[in-house]
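Trainee: Next up is a structure, given as structure tokens.
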Amino acid sequence: MSSVPPGPAQDRPGSPDGLRTGAQYLADIGNDGRQVIYDGEIVRDVTTHPAFSGAARSIAGLWDIAADPANRELMTYPSPRTGKPVLWCYHIPQRPEDLRPRRRMIQRWTEHTFGLMGRTPDHVAGFFAGFAACPAFFATAGQHYADNLTSFYEFARDNHLYISYALAPPQIDRSKPSHAQSDPTLCAGVVGERDGGIVLKGAQQLATGAPFSDYLFLSCIHPQVPGDENHAISVAIPINAPGLKIYPRRSYATNAVTEFDYPLSSRFDETDALITLDDVFVPWERVFIYRDVALCRDQWRKTPSHVYGNYQAQIRYATKLKFLLGVMKYHCEITGVDALPASQAALGEMAALASIVDVMVEAQETRATVEDGVVWPSRVALYSVMALQSDINPRLIDLARDLSGGAMIMLPSSRLDYDNPETARELERYIASPGFPSKRRVALLKLAWDLIGSEFGGRHQQYEKFYGGPAITNKLHLYRNYDFAAAKQLAEAALTSSEP
Ligand SMILES: Cc1cc2nc3c(=O)[nH]c(=O)nc-3n(C[C@H](O)[C@H](O)[C@H](O)COP(=O)(O)OP(=O)(O)OC[C@H]3O[C@@H](n4cnc5c(N)ncnc54)[C@H](O)[C@@H]3O)c2cc1C
């Protein structure tokens with residue numbers, strides 16, 4: 001098995017300017033020795049295995065969009081090191097207006113996946129741009145850590161890397177910190193040092209997209225306590241490193257009989273995975289934080305990494321909600337309830353919630369601040385939506401279900417029912433609406449079900465609830481960042497003016 005990282009962009013066939021094409025991406029990740037465990041076996045090649053191939057093709061489509069010369073300005077800027085085009089998601093914004101090209105790039109990608117893939121390569125790229133914006137933060141533990149971070153960031157940016165991440169210890173016993181579990185090597189951490197690097201053992205969750213990525217970023221975002229030093233690390237590991245295994249949950253593409261019946265499960269299931277490490281060697285050059293509980297906690301707060309990464313997440317969410325609204329409007333037109341005031345009010349409420357998310361993305365830009373020469377999208381705008389996403393998203397899904405009645409259920413068993421002329425005749429007569437032939441009506445309603453009701457749709461509800469940690473942590477971010485002083489001033493003014 002090889003642990004060789006993907007080659008430098010200029011060595012790749014495909015795009016002449018070194019941009020990564022979809023075909024090149026599939027060639028890079030296929031059969032490279034990564035250990036993805038599925039149904040008790042190691043998957044030889046995720047690009048051809050039925051559980052993963054649909055999603056791999058969708059991700060390849062993202063690289064093709066980025067490599068298309070027609071999209072050069074939309075998707076890329078010149079690398080400060082090589083002058084060659086690199087993705088905007090790796091850019092370190094210095095002026096608030098720098099956020100706009102970043103958003104346009106991310107938005108173009110989210111439209112390709114309808115906002116249904118959360119951890120596309122632009123997500124963790126944002127985290128690394130945020131880290132690289134603040135090398136001094138990493139240098140507090142030694143200049144070499146800052147140098148490691150900068151050098152990996154440049155390597156990732158200039159080689160168009162797709163990085164996934166695992167930041168939470170496995171849910172073995174949440175009542176105890178990592179070091180106090182029944183075995184202190186259950187949660188991923190350092191078990192030794194070897195010539196030139198460190199050795200890691202244990203498990204970490206919940207690496208969405210890991211089977212499709214080039215590198216894993218492993219660190220910890222959960223609260224840690226003194227004693228957890230071995231787990232307080234930040235490192236980058238090639239996804240095919242010896243000893244690293246990826247255990248994805250069951251792929252929803254596996255049960256998607258046809259693309260017609262499961263148009264989203266079959267193409268956009270990015271999967272979520274447990275990572276296990278069995279004496280995985282990490283060279284010092286890929287270690288950014290080492291056995292430091294305070295730095296491990298502060299990397300998310302004292303650098304804009306968490307904000308850049310989740311700015312991408314909110315652009316994606318805004319696109320997904322627009323898609324949901326489009327599907328439901330279409331649905332109401334097909335079933336003829338669009339003219340009813342009750343349906344219009346439900347669609348109006350959905351539009352209100354979707355618009356709040358959309359407008360708050362813009363507010364992250366218009367209320368951005370520049371701190372030590374680096375742009376921070378507004379934390380209040382970001383965390384306000386993230387804190388309420390656990391309430392907004394179920395409400396949207398509930399409204400969609402209310403609007404639907406039995407429409408998403410009362411559908412033929414599969415596309416094959418149309419292959420039999422006799423059953424096709426009946427379907428065309430009874431499952432059709434004025435202006436919508438049977439197959440088109442059924443296709444739309446199967447799309448709606450896959451979006452909100454299928455196993456894939458159910459996972460999405462869990463994703464929107466937890467992708468940024470539990471709601472409580474986002475409320476605490478807001479508690480730390482909201483301008484309570486200004487609010488208290490108003491209260492103070494009222495108190496003073498009403499005093500006798
Ligand atoms: C679909 C999906 C995809 C994800 N993708 C990724 C990814 O790509 N990379 C990654 O690193 N992580 C990812 N996450 C993981 C996510 O970061 C964690 O699920 C999240 O941080 C919650 O941790 P947990 O699942 O261990 O739940 P826990 O932390 O165990 O929480 C479970 C419950 O306990 C409550 N709880 C926990 N602690 C407290 C507390 N101190 N006070 C009060 N209540 C508390 C929570 O509110 C929640 O209700 C993903 C999660 C999901 C569901």
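Trainee: Give me K302, K446 sorted ascending by neighbouring Cβ count inside 10 Å, so fewest comes first.
Mentor: Values: K302 13, K446 23.
Going from sparsest to densest Cβ surroundings: K302, K446.
Trainee: Report the per residue volume, in Å³, of the convex hull enclosing the C-alpha atoms of the stretch 305-488.
Mentor: Values: hull volume 25.7 nm³, N = 184.
Once divided by residue count, the hull of the stretch 305-488 is 140 Å³.
Trainee: Now for a different question. Within the stretch 305-488, what is the number of lysine pairs with alpha carbons under 20 Å apart, leaving out pairs fewer than eight places apart on the same chain?
Mentor: So the count works out to 9.
Trainee: Separate question: Working out 0.36 nm times the residue gap between F466 and A345, then minus their Cα-Cα distance, what length gain in nm do you get to one decimal?
Mentor: On the way: separation 121, 0.36 × 121 = 43.56 nm, distance 2.89 nm.
Here the answer is 40.7 nm.
Trainee: Given the C-alpha atoms of the stretch 163-298, compute the convex hull and give its volume per residue in Å³. Present the calculation step by step, with values, prior to reporting the outcome.
Mentor: Working: hull volume 15.3 nm³, N = 136.
Dividing the Cα hull volume of the stretch 163-298 by its residue count gives 113 Å³.
Trainee: By count of other Cβ within 10 Å, fewest leading, how are T254, T319 ordered? Working shown, then result.
Mentor: On the way: T254 15, T319 24.
Least to most surrounded, the residues fall as T254, T319.
Trainee: Moving to a separate point now. Give the relative contact order (percent, whole number) for the stretch 163-298; include only Cα pairs under 8 Å separated by 6+ residues.
Mentor: Details: 310 pairs, mean separation 42.9, N = 136.
Averaging sequence separation for qualifying contacts and normalising by length gives 32 percent for the stretch 163-298.
Trainee: Over the chain, calculate the relative contact order: mean separation of alpha carbon pairs under 8 Å at least 6 apart, over the residue count, as a percent. Kindly include the intermediate steps, with their values, before the conclusion.
Mentor: Values: 876 pairs, mean separation 78.0, N = 500.
Across the chain, relative contact order equals 16 percent.
Trainee: List the trypsin sites (Lys or Arg not before Pro) within the stretch 106-193 that DSSP assigns to loop and that have no more than 11 neighbouring Cβ atoms inside 10 Å.
Mentor: Numbers: sites: R108, R119, R157, R174; in loops: R119, R174.
Those satisfying the criteria are R174.
Trainee: Something else: Could you pull out the trypsin sites (Lys or Arg not before Pro) across the stretch 60-107 that fall in loop regions by DSSP (anything but H, G, I, E, B) with no more than 13 other Cβ atoms inside 10 Å? Let's see the in-between values first.
Mentor: Details: sites: R72, R81, R102, R103, R104; in loops: R81.
Qualifying residues, ordered by number: R81.
Trainee: Could you please report the charge total around I106, scoring K, R as +1 and D, E as -1 over all other residues with beta-carbon less than 9 angstrom from its beta-carbon? The partial results should precede the final answer.
Mentor: Numbers: positive: R102, R103, R104, R108, R316; negative: D122.
Net charge around I106: +4.
Trainee: Towards the positive end of the charge dipole of the chain, with charges on Cβ (+1 Lys, Arg; -1 Asp, Glu), say which of T82, V380, H231 has the farthest Cα.
Mentor: V380
Trainee: Round to the nearest 0.05 the FRET efficiency obtained for D372 and S498 when R0 = 45 Å and r is the Cβ-Cβ distance.
Mentor: For D372 and S498, the calculated efficiency is 0.60.
Trainee: Can you give the helix-only mean residue ellipticity at 222 nm for the chain, where every DSSP H stretch with n ≥ 4 adds -39500 (n - 2.57) and the sum goes over all residues, rounded to the nearest 500 deg cm²/dmol? It would help to have the intermediate numbers written out before the result.
Mentor: Details: 17 runs with 231 residues, N = 500.
That comes out to -15000 deg cm²/dmol.
Trainee: Within the P(r) computed for the stretch 9-158, what percentage of the Cα pairs occupies the region above 18 Å?
Mentor: Values: 7050 of 11175 pairs.
The share of Cα pairs beyond 18 Å in the stretch 9-158 comes to 63 percent.
Trainee: While we're looking at this one, here's another question. Please report the spacing between the Cα centers of the stretch 126-141 and the stretch 329-401 in Å, no decimals.
Mentor: For the stretch 126-141 versus the stretch 329-401, the Cα centre distance is 31 Å.
Trainee: Here's a follow-up. May I ask for the equivalent-ellipsoid semi-axes of the chain, computed as the square root of five times each C-alpha gyration tensor eigenvalue and listed largest first in whole Å? Can you show the working numbers first?
Mentor: Working: eigenvalues 285, 188, 102 Å².
Equivalent-ellipsoid dimensions as semi-axes: 38, 31, 23 Å.
Trainee: Using the number of other C-beta atoms within 10 angstrom as an exposure proxy, rank T423, T208 with the fewest first. Walk me through the numbers before you get to the answer.
Mentor: Values: T423 14, T208 23.
Listed from fewest to most nearby Cβ atoms, that is T423, T208.
Read-outs throughout are calculated quantities, based only on the coordinates presented, and are distinct from any laboratory measurement. Just so it is clear, the structure is predicted and the values come from calculations on it, not from any experiment. Cβ coordinates were reconstructed from backbone atoms using ideal geometry, including for glycine residues, and neighbour counts include every protein chain displayed.
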